[in-house]
Amino acid sequence: MSQLRSLAGALRSSSQWMRGQVGSGRRVFDPRRNCSSGAAEPSLAACSSSYVVEMYYAWLEDHKNVHESWDAYFRNAQASSSEETGEKHLSALLQGRAMSQTPAMSEKVVEDHLAVHTLIRAYQVRGHHVARLDPLGILTADLDSFVPSDLITSIDKLVFLLLFFLRSYGLEESDLDKSFQLPLTTFIGGNESTLPLREIIHRLETSYCGHTGVEFMFINNMEQCQWIRQKFEMPGIMMFSDREKRTLLARLVRSTRFEDFLARKWSSEKRFGLEGCEVLIPALKMIIDKSSEAGIESVIMGMPHRGRLNVLANVVRKDLDQIFCQFDPKLEAADEGSGDVKYHLGMYHERINRETDKNITLSLMANPSHLEAVDPVVQGKTKAEQFYGGDTEGRRVMSILMHGDAAFAGQGVVYETFHLSELPSYTTHGTIHVVVNNQIGFTTDPRMARSSPYPTDVARVVNAPIFHVNADDPEAVMYVCKVAAEWRNTFNKDVVIDLVCYRRFGHNEMDEPMFTQPLMYKQIRKQEHVLKKYADKLISEGVVTLQEFEVCVSLYGNLITVSLCKHLFHSCCFPDFFKLDGEPKSMSCPSTGLNEEVLRHIGEVASSVPLKDFAIHSGLSRILRGRADMVAKRTVDWALAEYVAFGSLLKDGIHVRLSGQDVERGTFSHRHHVLHDQEVDKRFCIPMNHLWPNQALYTVCNSSLSEYGVLGFELGFAMASPNALVCWEAQFGDFQNTAQCIIDQFISAGQAKWVRHNGIVLLLPHGMEGMGPEHSSARPERFLQMSKDDPDRYPEFTGDFEVQQLYDCNWIVVNCSTPANYFHVLRRQILLPFRKPLIIFTPKSLLRLPEARSSFDEMITGTKFLRIIPDGGPASNHPEKVKRVIFCTGKVYYELAKERKQLKLEEDVAIVRLEQISPFPFDLIKAEVEKYSNAELIWCQEEHKNMGYYDYIRPRFLTVRSKNPIWYVGRDPAAAPATGNKFTHLAELKRFLDTAFNLEAFKGRSY
């Protein structure tokens, strides 16, 4: 007992258990503090063991003298006394009650029980530190080299400690056999309320210090903590039936033999095999089985490259011949999705779950080598499937994310994704995370790869329980997976499984790990395969015979051999949207204009408050009156044009989702799609959802302050259905580069790599307005550089060239200069017979510029998006007299038009606006160049010369008209996108405007 008392004394100052309150002449004790409230600021000495005795005596005098929790405790102890009087070893507390209560005896009674309770809690809090998690037995999974002093990890150690403290405390080894009352915060007793100390320690070791380590005591919900305690502490709860053991063995056979076959057949190929963590396959199947049993119908998964082929084969059930086809160059793939390596590809498959006999749909998302980048994409697609299926609580659709240990700890997008998990517009109602913890990252030791004890510590931020488990104990893994699935189904919250394993080979099969981890890989070479260990175990238990095991192995081997001679099938996304062969059902786009009655109706709703007795801000009242005035005058500004575009799609049953930082109001206070009652807290109204009786739902949601995670989420959401307009808006276009990985790896190249169409819309505020280098440029040059149209090849104009060109591109890049064109391009995005990402450089100052308004006449039936807007002034009436044609895009047009008017050059200079930059409108540019055959050509942009659009448009203009140069007018090359000095900004603007209208500026110069 000496060790227990020392524990109690050490922890007493931090165990906030008792608070006294002065009043009515009575001192009441509260278990949340160490001492009574009548004392001054307590010191450790003041809060010593005397308070326990004082509390106990106070309770003996009057049960109301102490806090109700201690009253309940002492009452339970007293009740147990009457039930167990026949026991040989009574608890110390009951012995004290049976004898005369001296102060010394009472102190010992309570302190002994307090020490036992503290010991139990210590195991619950820190037992995972001493759990036997590493299958190699050479590392501690949490990087800590010490054993917590308050844990007794074996009876032998306990005896040693007792003997060590014997002289100080005068205790005997016989204290181990004394019985103690168990607190309500443990289930180790099962149906028993008291246990001997020796048995208490044994059961705690079994629950928390074996091959499973449980982190959960940081969770600030008592019900959830109790649930986990019960799952891991109840005696005998981790037992498996013989049938379950045979199923587990069969799944291990499949997982192991699949890797063995690939290693033999294609020994020189990279495949990022699962050797060392073969138990991942039965683990995933257990999660899916238990989730299906709970009602889950669709599981969407994301994972890195390691083990992907095995998951595709043995979990998703992709035909083996389809996998082998990607190894053997003699076998041709029928699927065009061979634009990426085999261990990046995904799969969608619907099948019957054999354990539950229910339909289950499994999706494994394709992903790049950028580890963890797929996490938010999976969450977005999961949210979309839940949304379209009316699954508001995540009872039918769920996600599973697999991670590597180094990436889970090192990649910031993991944190961003976790922080979406509880947000109303982003939650997927719980994700099961499975970390394949190889205890190494490529060649980097964990001690050099993370500062946290575990790679999974990031999950603590959302109160997700973390289950560490030794991957060489398949039954422990299965139990943890079963509990994780039940947790997700019960609480709809995230949970993490940390499979502590090893990597049998190097980073890939061609890599030599002995260079950097010699001791680890010496041990790995000695390590027996988990399949053999588990098979031997079951054979010794009589669960299977050696012959039955060998038959199971040979059957799977025969299955693999038969699969070598087959071919791939074509996998089409959006099967109802496209034809069976994946081609569009047509190659034309209808008019994007609307009936004027629809325009007017949406405008009127946008100018009003649909709810009664709803008090809006006075400034917002002025905005709504301004909208009403525009509707009366048959005009729209930027915000109203967007409102009409969204509203019209909702009328047609198209879901519209707008997400991003501050999108509900709009960064520039122009949108106001969510109205807030100024007098009633949390009362708000979305007028867009009050347009039509049977309209689709409009979702507008402010996101967390994240670009990478949120853009990935919206990309995933857009993957789920072609009949939705999913828009992500950056707070400023400059900030999109924080999400560059999603843009480069998924949006730009996603269709080419994985044959998956996606119609996501990026709204990127852009424009040089003297706001500094971080609030000016959405970096259009980067998007244009990644556009795949050939600058040197003049296309053939056949069929509907505009639509065909859009179909052939990888994404569409526009910079609209009018609200009407913005309206049309949003509607065209849905009316096209296919889906392409749309990048829109949106304005800032144009949002309120009076000249930047459009008439209803530009939006009514029969109108459409204009790829270019020709000059409509005097210059177009006599094109042969025009001396200069200025091509430009976006906001700079209005500055050019204003300058031209002041200089009275409307007849000499034509200004043509390029609205769709990529794919480049060769046909329309050719017509404009030929129209002004005598004029010199200028490209004018407000961006610096090494940025913006010039490097993209220049070779394409030369392809259109090689004999005439196109001169550059704009800012000089620079390192930063914009100056931070307002005076310098204006001086630069004046300088390039002067050059643009100086008709002698390029005379005599060679191109």
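The values are calculated or read from the model by the stated rules, or taken from the named source; none is laboratory data. From a predicted model like this one, the values you see are computed outputs, not experimental measurements. Every residue, glycine among them, receives a Cβ derived from its backbone with ideal geometry; neighbour counts consider all protein chains shown. With ligands, DNA and RNA removed, areas are computed over all heavy atoms of the protein, side chains included. Shrake-Rupley method; radii C 1.70, N 1.55, O 1.52, S 1.80 Å.
Restricting the chymotrypsin sites (Phe, Trp or Tyr not before Pro) of segment 170-272 to loop positions (DSSP other than H, G, I, E, B) with no more than 16 neighbouring Cβ atoms within 10 Å leaves 218, 240, 266. Across segment 771-859, the relative contact order, built from alpha-carbon pairs under 8 Å that are at least six residues apart, equals 31 percent. Computed over protein heavy atoms with a 1.4 Å probe, the accessible surface of segment 360-475 works out to 29 Å² per residue. Cβ-Cβ distance of residue 553 and residue 184, R₀ of 41 Å, FRET efficiency by 1/(1 + (r/R0)^6): the value works out to about 0.25.
With semi-axes defined as the square roots of five times the eigenvalues of the C-alpha gyration tensor, the equivalent ellipsoid of segment 340-495 measures 25, 18, 18 Å, largest first. With R₀ fixed at 45 Å, the C-beta to C-beta distance from residue 192 to residue 463 puts the FRET efficiency at about 0.90. Cross-link candidates for residue 383: which aspartates and glutamates have Cα within less than 15 Å, leaving aside residues fewer than 8 places away along the same chain? By straight Cα distance, residue 383 reaches 297, 375, 391, 393, 422, 494, 714.
Between the beta carbons of residue 611 and residue 634, assuming R0 = 35 Å, the FRET efficiency works out to 0.80 to the nearest 0.05. Net length available on complete extension from residue 1007 to residue 926 is 27.2 nm, with 0.36 nm assigned per residue and the Cα-Cα distance removed. Cα centroid separation, segment 913-946 to segment 855-898: 12 Å. Solvent exposure of segment 717-850, expressed per residue, is 28 Å² of accessible area, with all protein chains present and a 1.4 angstrom probe.
In segment 662-745, a dipole from Cβ-located charges (positive for Lys and Arg, negative for Asp and Glu) runs towards its positive end, and of 739, 695, 720 it is 695 whose Cα lies farthest in that direction. Simple spin-label estimate for residue 263 and residue 974 gives 5.9 nm between the two label positions (7 Å along the Cα-to-Cβ direction from each Cα).
Select from segment 752-824 those trypsin sites (Lys or Arg not before Pro) which occupy a DSSP coil region and have at most 12 other Cβ atoms within 10 Å, ordered by residue number. Don't skip to the end; give the middle numbers.
Details: sites: 753, 756, 782, 788, 793; in loops: 756, 788, 793.
In loop regions of segment 752-824 (DSSP not H, G, I, E or B), the sparsely surrounded trypsin sites (Lys or Arg not before Pro) are 793.
The distance between label points at residue 934 and residue 370 comes to 5.2 nm (points 7 Å beyond Cα on the Cα→Cβ vector). Bridgeable aspartates and glutamates around residue 651 (alpha carbons under 18 Å apart, same-chain partners fewer than 8 residues away excluded): 596, 597, 604, 642. Computed packing ranks the peptides 710-721, 485-496 as 710-721, 485-496, most packed first, by mean other Cβ atoms within 10 Å.
Which links in 844/891; 904/931; 633/864 stretch past 19 Å when you go from one Cα to the other? 904/931; 633/864, as the Cα separations exceed 19 Å there.
Which whole-angstrom value gives the distance between the alpha carbon centres of segment 833-852 and segment 591-668? Each part reduced to its Cα centre gives a spacing of 16 Å.
Taking the 1.4 Å solvent-accessible surface of segment 695-748 as the whole, the part contributed by carbon and sulfur is 49%.
For the peptides 733-746, 814-827, 674-687, the ranking by mean Cβ contacts within 10 Å, running from highest to lowest, is 814-827, 733-746, 674-687. Modelled this way, with points 7 Å down the Cα-to-C-beta line, the labels at residue 878 and residue 230 are 9.1 nm from one another. Rolling a 1.4 Å probe over the protein heavy atoms gives segment 893-984 an accessible area of 41 Å² per residue. Apolar share of the accessible surface for segment 417-522: 57 percent from carbon plus sulfur atoms, 1.4 Å probe. Sorting 519-532, 855-868 by average packing, meaning the other beta carbons within 10 Å per residue, from highest down gives 855-868, 519-532. Beyond 21 Å in Cα-Cα separation lie the following of the pairs 881/1003; 898/990; 482/526; 285/522: 482/526; 285/522. Extension gain for residue 444-residue 132 works out to 110.0 nm (0.36 nm per residue, less the C-alpha to C-alpha distance). With contacts taken as Cα pairs under 8 Å and at least 6 residues apart, segment 673-750 reaches a relative contact order of 21 percent.
By how many nm would the segment from residue 596 to residue 681 lengthen if fully extended, with 0.36 nm per residue of separation less the alpha-carbon distance?
Full-extension gain reported as 26.8 nm.
Qualifying GluC sites (Glu not before Pro) in segment 179-268, where qualification requires a DSSP coil assignment and no more than 13 other C-beta atoms within 10 Å, comprise 192.
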